[in-house]
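Peer 1: The following block contains the structure, expressed as structure tokens.
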Amino acid sequence: MAWVSDYKPNNGWAPTWSREIRGGALAEHRDHLIDLLNSANLGSNADTWYWSLKNSGTLPASMVQTHWNKYLPMKVNVFMRRAMLNRLPTKTNIDLKGVDVESTLCSICDDHQEDSVHLFFKCDTALQLWSCVGRCLEEVIPTFHHLNDMLSWIDNQRVLCFKREIIDTISTTLIWVLYTYQNDVVFGGNSYKKVLLFDSVVSFSFNWFCYGNSKSKINYSAWLYDLLMN
Ligand SMILES: [Zn+2]
């Protein structure tokens, strides 16, 4: 067995063996292993999973975690599906497709590379919105590095199923509002005011949840601010 730490940039591979290999079949296996290791290309990118059964190396769409919230409009669920497959036209994705973009910096903060993780979880505006949700839930929202992290966090909430559905609706709406705000900034729509983004999250999620749930007796004043704290 060899570890990445056995590779020295100047000397190549030098695995340490549990005992000295003097020859025979073991030496043949060792040489074969070294040949295999030498054919590997160690890049400087962070470690990532590679799906070797597909030429692109990416996980097939059918194996990406699915997410469907029955209260949300079809367009929001479809948007989430695209986001989870990293198929949103963020500046980084557009640039990777070879389209000439003036800048790949975030449309909202203009300070970091614009990809979906930054837009939804790392951008200052996103952090402010998540912090508002955290205050309502009376808990610190963890740092998410992928949409799957967010969904796992929702799944692990120790609350009644119906409250988990509300948290899911609010969280997904937050992602949707951030994305539509980013679009608004890019295309100069002026439909959103930054200070009112959280209000948009509250009102959209309330409308979608209540209109999608005929049994719901929740009124607007109870939504989010009171309900989740009970
Ligand atoms: Zn940003």
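Peer 1: Once fully extended, how much extra length lies between K8 and L85, figured as 0.36 nm per residue of separation less the alpha-carbon to alpha-carbon distance?
Peer 2: 24.1 nm
Peer 1: Given the pairs K97/K122; K70/K194; K70/K97; K8/K122; K194/K215, which span a C-alpha to C-alpha distance of over 26 angstrom in this model?
Peer 2: K70/K194; K70/K97; K8/K122; K194/K215
Peer 1: Can I ask one more? Rounded to the nearest 20 debye, what is the charge dipole size of the stretch 104-150 about its Cα centre when +1 sits on each Lys and Arg Cβ and -1 on each Asp and Glu Cβ?
Peer 2: Working: 2 positive and 8 negative charges, 22 e Å.
With Lys and Arg at +1 and Asp and Glu at -1, about 100 debye.
Peer 1: While we're here: Tell me which of V186, I141, I170 sits at the most positive position along the dipole axis of the stretch 136-207, charges placed on C-beta atoms (Lys, Arg +1; Asp, Glu -1).
Peer 2: Value computed over the given set: V186.
Peer 1: Taking loop as defined by DSSP and a crowding limit of 14 other beta carbons within 10 Å, which GluC sites (Glu not before Pro) in the stretch 80-154 fit?
Peer 2: When the GluC sites (Glu not before Pro) of the stretch 80-154 are filtered for loop state and at most 14 Cβ neighbours within 10 Å, E102, E138, E139 remain.
Peer 1: Now a separate question. Give me the distance in nm between label points sitting 7 Å out from Cα along the Cα-to-Cβ direction at C109 and R135, one decimal.
Peer 2: Simple spin-label model gives 1.9 nm for this pair.
Peer 1: Can you report the principal axis dimensions of the stretch 139-230 using only the alpha carbons, biggest first, rounded to whole angstrom?
Peer 2: 41, 31, 21
Peer 1: Here's something else I'd like to know. For a quick protection proxy, order the peptides 164-173, 76-85 by their average other-Cβ count within 10 Å, most packed first. Could the numbers behind the result be given before it?
Peer 2: Working: 164-173: 21.7, 76-85: 17.0.
My ranking of the peptides, most packed first, is 164-173, 76-85.
Peer 1: Sticking with this structure for a sec: Please compute the Kirkwood hydrodynamic radius of the stretch 72-154 from all pairs of different C-alpha atoms, in Å with one decimal.
Peer 2: 13.9
Peer 1: At 7 Å along Cα-to-Cβ for each site, give me the label-to-label distance between N183 and H146 in nm.
Peer 2: Distance between label points: 2.6 nm.
Peer 1: Stretched out fully, how many nm does the piece from W68 to Y220 gain, at 0.36 nm a residue minus the Cα gap?
Peer 2: 52.3 nm
Peer 1: R22 to D35: extension gain in nm, 0.36 nm per residue of separation minus the Cα-Cα distance?
Peer 2: On the way: separation 13, 0.36 × 13 = 4.68 nm, distance 1.81 nm.
The span from R22 to D35 would gain 2.9 nm if fully extended.
The numbers here are math on the coordinates, done by the rules we state, and not lab data. Because the structure is a prediction, the values reported are computed rather than measured. Counting neighbours? That spans all protein chains shown, and the Cβs are built from the backbone with ideal geometry, glycine included.
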